[in-house]
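Step one of this worksheet: look at the structure below.
The values are calculated or read from the model by the stated rules, or taken from the named source; none is laboratory data. Note that the coordinates shown come from a computational prediction; the quantities given were computed from them, not determined experimentally. A quick note on method: Cβ atoms are made from the backbone with ideal geometry, for glycine too, and the neighbour counts reach across all protein chains shown.
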Amino acid sequence: MQRTWQFLVLVMLVLLVAPAALGQTPDPLEAVCELSGDLTAYSASIRMTQHHGDDQSVIEFAFDFVPPDRMRIVYTAPASVEGQKILLNADQFYSYIPSLNRHVWQTVGEGADNPGEDMGFLFDFVTRAAADALAEADVQVSETREALELTDVEEPLEVDVLTLLADTERQVVRLNVYDAAPVGITIYDGDNLAMTILVLDYLLNGTFEEAWFDIPEQ
């Protein structure tokens, strides 16, 4: 009898630690909110596809963000936009278009639009606002996981799938099951597909150079 109880206790311990050992998150909503709230720095390679009916345009860019208000975007593809840059450092905004040798400096007022907002929930995540975004939406969590294929990885990622409904906008958010980071966001305007965002590679809470966010002198 004693051996039977010891065996049952061992089985219970295995069941309790198995999700953590596998890196799986039993509650994706809680996990992504915690990850977002603790974020100190974020770097990623991103592919964004804008959909216009049957037409679409694709851009790729390097994205760095240090909460609460330092951002760098450097476009890498297609060739027509390669090298274009956007910097935000507190209330100072700067953009550069190499092909036109055009520099723009602006002071950003409170409540002004941020270029990062086009990324939907991903921008909420990096600005530590995932919990607020989820609280303001009608959120549905899929009972089944999906496999998300990204060009720059050898195998598809296993993802949890959230659907966020707010007004006429719907976002389908895919979270990497191993750390709850957003790796795919699909945005609909009503029934129309508007935007697809894929995070091809990313680093959470890594080191960064202060100079990345320095606004050039005019």
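Descriptive notes on the structure:
- For D69, the conditions (1) in contact with a strand residue (DSSP E or B) (Cβ under 7 Å, 6 or more places away or on another chain); (2) surrounded by 12 or more Cβ atoms within 10 Å (Cβ to Cβ); (3) modelled with pLDDT of 95 or more; (4) among the charged types (D, E, K, R) all hold with the exception of (3).
- Every condition in (1) free of Cβ contacts under 8 Å to residues at least 24 places away in the same chain; (2) of a type outside the set (S, T, Y); (3) surrounded by fewer than 20 Cβ atoms within 10 Å (Cβ to Cβ) holds for F123 except the one numbered (3).
- Matching residues, segment 160-176, being more than 17 Å from A135 (Cβ to Cβ) and touching a Gly at 6+ places or on another chain (Cβ under 7 Å): T168, R174
- Residue within segment 181-197 that is over 24 Å from A77 (Cβ atoms), at pLDDT 95 or above and in contact with a Phe, Trp or Tyr (Cβ under 6 Å, 6 or more places away or on another chain) present: no
- For segment 165-218, the set of residues classified as surrounded by 15 or more Cβ atoms within 10 Å (Cβ to Cβ) and among the polar types (S, T, N, Q) consists of Q171, N176, T186, T196, listed by residue number.
- Scanning segment 86-129 for residues that are of a type outside the set (G, A, S) and in contact with a helix residue (DSSP H, G or I) (Cβ under 7 Å, 6 or more places away or on another chain) returns I86, L87, N89, E117, F121, F123, D124, F125, R128.
- S45 exposed (fewer than 12 other Cβ atoms within 10 Å of the Cβ), assigned to a strand (DSSP E or B) and of a type in the set (S, T, Y): no
- Residue list for segment 126-164, restricted to those being surrounded by fewer than 13 Cβ atoms within 10 Å (Cβ to Cβ), within 19 Å of T49 (Cα to Cα) and touching a Leu at 6+ places or on another chain (Cβ under 7 Å): T151, D152
- Some residue of segment 89-96 being charged (D, E, K, R) and over 20 Å from M195 (Cβ atoms): yes
- The set of residues in segment 97-110 being without any contact (Cβ under 8 Å) to a residue 24 or more places away in the chain and surrounded by 12 or more Cβ atoms within 10 Å (Cβ to Cβ) consists of I97, P98, Q106, V108.
- Checking each residue of segment 60-77 against the condition of being without any contact (Cβ under 8 Å) to a residue 12 or more places away in the chain and either over 24 Å from L162 (Cα atoms) or basic (K, R) (or both) gives no match.
- Restricting attention to segment 17-42, the residues being in a helix (DSSP H, G or I) and either at pLDDT below 95 or small (G, A, S) (or both) number 9.
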